[in-house]
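As structure tokens, the structure follows; a few thoughts come after it.
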Amino acid sequence: MAYSTEDGFQITQEDYQQFQVFLQDACGIVLGDNKQYLVANRMRRILDELQINSLGLLVQRIGQSPRSGLKESVINAMTTNETFWFRDALPFDALRDVILPQLLADGVPEPLRLWSAACSSGQEPYSLSMIIEEFKRKYPATLRREPSIVATDISSAVLNAARQGCYDRLSLRRGLSDGRLAQFFDENADRRYSIKPAIAARVDFRFLNLLDSFAVLGTFDVVFCRNVLIYFSAARKQDILRRIRATLRPGGCLVLGASESLPIDLKSLYQIERADNGSTFYRAS
Ligand SMILES: C[S@@+](CC[C@H](N)C(=O)[O-])C[C@H]1O[C@@H](n2cnc3c(N)ncnc32)[C@H](O)[C@@H]1O
């Protein structure tokens, strides 16, 4: 049976299935069988602009003109980019108070390299950069070289916003304390706030599909891969976590989202550690 919106837009079962396959192949996102309302909502603008009224035709068009930018627009529309500053707080505190001190005490080679895999509009990697700043203030002269952060995402739209590093009051209220706002942002004439250049300078934003090879990125001491694998199949999630393990330097740590955990099959690749504040992270073993 076809799904119809109130104004008569229809998605047939066949079109929906084609779109599910397209999306999973393109970016790993598994669309449940009852998400037609979401797809209708997010795809209507693109379909209207193309003056077509079928998802099946849309998938065909993407196949016929792979360089038209259409696939990119669909991925931008279909990814969920929900994020906020210092999301869940504890992993960021653990980074400053446990992970970084341990890595340095173990004498890992510097500069330290961090990766925010699926960085959305920048809140996660900029929060990591602020944590590095706080670490430097708390433990002066401990770091010999400036750490760097690679931040990747599949959505060109959020990457563009992230590179600007400029946010309105509403988005800053989501997780950022007044103290951090005052220390790490400059207020602009338009009442938006820009990340201070010293915090932004550590972060290098790059396009990366997590389904593709990570070889171009190099190796890392810390990887934050949070709130993205929840959209993928179990097999895809395992594959990505195996490949992330291969990017970790000896002693390197993986941090997952608050509701996420390591699949049982990967327990030999990572050692589970718990910081005093209760947050869990996974060390390459
Ligand atoms: C819900 S946000 C999470 C952002 C951040 N990590 C956090 O925890 O707040 C998920 C992000 O994953 C990105 N994403 C989805 N599929 C991806 C893929 N195949 N490769 C890279 N990024 C992807 C989306 O574009 C989105 O920005």
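Each value in this text was obtained by applying a stated rule to the coordinates, not by laboratory testing. Nothing here was measured: the structure is a model prediction, and the numbers come from that model. Methodologically, a virtual Cβ is constructed for each residue, glycine included, from the backbone with ideal geometry; neighbour enumeration extends over all protein chains shown.
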5 angstrom amide H check on Gly252, placed H, neighbours 5+ away: Ala284
May I ask you to list the aspartates and glutamates whose Cα is less than 13 Å away from that of Lys136, ignoring any residue fewer than eight positions away on the same chain? Asp97, Glu146
Spelling out what I want: for every residue of segment 272-285, take phi, set θ = phi - 60°, compute 6.51 cos²θ - 1.76 cosθ + 1.60 (Karplus), and round to whole Hz; glycine and proline get x. 7, 10, 10, 6, 4, 7, x, 7, 9, 9, 10, 9, 4, 10
Using DSSP to define loop residues, name the GluC sites (Glu not before Pro) in segment 57-153 whose beta-carbon has at most 13 other beta-carbon atoms within 10 Å. Glu82
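Once the other residues with Cβ under 14 Å from the Cβ of Asp178 are scored (Lys, Arg +1; Asp, Glu -1), what is the net sum?
Numbers: positive: Arg169, Arg173, Arg174, Arg180; negative: Glu187.
Local net charge: +3.
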Value of relative contact order over segment 3-78, rounded to a whole percent, pairs C-alpha under 8 Å and six or more apart: 34 percent
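Can you tell me the dipole magnitude for segment 10-133 around its Cα centre, using point charges on the Cβ only (Lys, Arg +1; Asp, Glu -1), in Debye to the nearest 20?
Details: 10 positive and 15 negative charges, 99 e Å.
Once rounded to the nearest 20, the dipole reads 480 debye.
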Fluctuation leader among Gln271, Gln123, Gln51 - the chain, Gaussian network, Cα springs under 10 angstrom: Gln51
Restricting to DSSP loop positions (anything but H, G, I, E, B) with no more than 16 other Cβ atoms inside 10 Å of their own Cβ, which trypsin sites (Lys or Arg not before Pro) remain in segment 96-152? Arg144, Arg145
Please compute the contact order of the chain in relative form: average sequence separation of alpha-carbon pairs under 8 Å and at least six residues apart, divided by the residue count, as a percent. 17 percent
Total charge of the residues flanking Glu110 in space, meaning their Cβ is under 14 Å from its Cβ, with Lys and Arg +1 and Asp and Glu -1, is +3
Given Cα pairs under 8 Å that are at least 6 residues apart, what percent is the relative contact order of segment 228-285? 37 percent
Excluding residues fewer than 8 places away in the same chain, name every one of the lysines whose C-alpha is closer than 27 Å to that of Lys267. Lys237
Return the percentage of antiparallel bridges among DSSP beta bridges fully within the chain, rounded to the nearest 5 %. 45 percent
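I need the shape label for segment 3-78. Rule: rounded when a/c is under 1.5, else prolate if a/b > b/c, else oblate, with a, b, c from the alpha carbon gyration tensor. Mind dumping the intermediate values first?
Details: a/c = 1.65, a/b = 1.20, b/c = 1.38.
Verdict is oblate for segment 3-78.
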Phi-derived 3J(HN,Hα) across segment 105-119 with the Karplus relation (6.51, -1.76, 1.60, θ = phi - 60°), rounded Hz, x for Gly and Pro, is 5, 7, x, 5, x, 9, x, 5, 10, 10, 10, 9, 8, 6, 8
Relative counts (whole %) of C-alpha pair distances in segment 90-284, using bins that are 5 Å wide: 1, 7, 16, 20, 21, 16, 11, 5, 1, 0, 0
For segment 218-229, just list the computed ³J(HN,Hα) in residue order, Karplus coefficients 6.51, -1.76 and 1.60, θ = phi - 60°, integers in Hz, with x standing in for Gly and Pro. x, 10, 9, 8, 9, 10, 9, 10, 10, 6, 10, 5
To the nearest Å, what is the center-to-center distance of segment 228-261 and segment 115-151, using C-alpha atoms only? 20 Å
Test item: Cα-centred dipole of the chain, Lys/Arg +1 and Asp/Glu -1 on Cβ, debye: 660 debye
Counting only residues 5 or more apart in sequence or on a different chain, those whose built amide H sits under 5 Å from that of Ala151 are Ser116, Asp204, Phe205, Arg206
